[in-house]
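Student: Quick one: this structure, given as structure tokens, is what I'll be asking you about.
The values are calculated or read from the model by the stated rules, or taken from the named source; none is laboratory data. Remember, predicted model here, so these are calculated numbers, not experimental data. Cβ coordinates were reconstructed from backbone atoms using ideal geometry, including for glycine residues, and neighbour counts include every protein chain displayed. Only protein heavy atoms, including side chains, enter the accessible area calculation; ligands, DNA and RNA are left aside. Shrake-Rupley method; radii C 1.70, N 1.55, O 1.52, S 1.80 Å.
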Amino acid sequence: MKEFRFAVKNTIPIFFTYLFIGIAFGILMSDAGYSILLTTASSLFIFAGSMQIVMVPMMTSGASLPSLAFMAFFINARHIFYGIGFIEKFRRMGWRYPYMILTLTDETYSVLCSVKYEANLDEDRAAFMIAMLDHLYWVFGSFIGACAGQFLQFDMSGIDFSATAFFLIVVVNQWQQYRSKLPFLTAAVCALGFYLLLGKEYFLIPTMISCLIALILLRRPIEIKEGIPNE
């Protein structure tokens, strides 16, 4: 199928990214005492990448369900803003519409925005294949990591640093990719301010709320810097 081959070609870099980060997530889940089935199911039905990594220490520390939901909303709130541009496109895809919403991650969004479809391709089918493959890459990586954590005996100390490394890579990529530095500077100022004010146990949620409000207010200057036309 030509759409499938096209999707594979355009998602190979994501395969390696999701494979290794998914493995780290699977090992984290295994180290926290969760089964292979639960780890794989979380990647299949939640599919939230960074949020899944964050939720492991939150669950092991006894965080409540409302706290998890609150954190998930603010970590993934960015999807609301960049997902708006795909609403009509996804709606035209019929039965694929809910699945495309579920699988719209940062990496899938990046591919769908930049991909150049070949003339003989069904664009909707190709986009669906791209989203599906990215989803399967993450599930596969999580499964491999969970199996490794269950059946291979090795020292897992330090594996939790994978979450820090993951977010550091995201920050560096964002800094290099976008002309506007306001999102980074906003997050840095809010995080440092609330960390000094509230301490490491309580700074995260106020930081995310403040960042969300600040970025809404700064939306237009950011769009101007990025060359996004005013609609």
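Student: For the range 15-92, what does the alpha-carbon gyration tensor say about shape, rounded, prolate or oblate, given a ≥ b ≥ c as the root eigenvalues, a/c under 1.5 as rounded, and a/b over b/c as prolate?
Tutor: Oblate.
Student: Taking 8 Å as the Cα distance limit and 6 or more residues as the minimum spacing, I'd like the relative contact order of the chain as a percentage.
Tutor: This gives 34 percent for the chain.
Student: Ignoring ligands, DNA and RNA, what percent of the 1.4 Å accessible area of the chain is carbon and sulfur?
Tutor: Reported share for carbon and sulfur atoms: 69 percent.
Student: Give me the net charge of Gly141's neighbourhood, meaning all other residues with Cβ under 14 Å from the Cβ of Gly141; Lys, Arg count +1, Asp, Glu -1.
Tutor: For residues surrounding Gly141, the net value is -2.
Student: Answer with a single label: of (1) 1, 6, 12, 16, 18, 17, 15, 9, 5, 2, 0, 0; (2) 1, 8, 17, 21, 22, 17, 10, 3, 0; (3) 1, 7, 12, 15, 16, 13, 10, 8, 6, 5, 4, 2, 1, 0, which was calculated as P(r) over Cα pairs in 5 Å bins from 0, in percent from the structure in view?
Tutor: Read-out taken from this structure: (1).
Student: Can you grab the distance from the C-alpha centre of the range 190-210 to the C-alpha centre of the range 82-97, Å, no decimals?
Tutor: 35
Student: Sticking with the crude label model, points 7 Å out along Cα→Cβ, report the distance from Ile80 to Glu223 in nm, one decimal please.
Tutor: So the two model labels end up 1.6 nm from each other.
Student: Per residue, how much accessible area does the chain have with a 1.4 Å probe, in Å²?
Tutor: Accessible area per residue, the chain: 59 Å².
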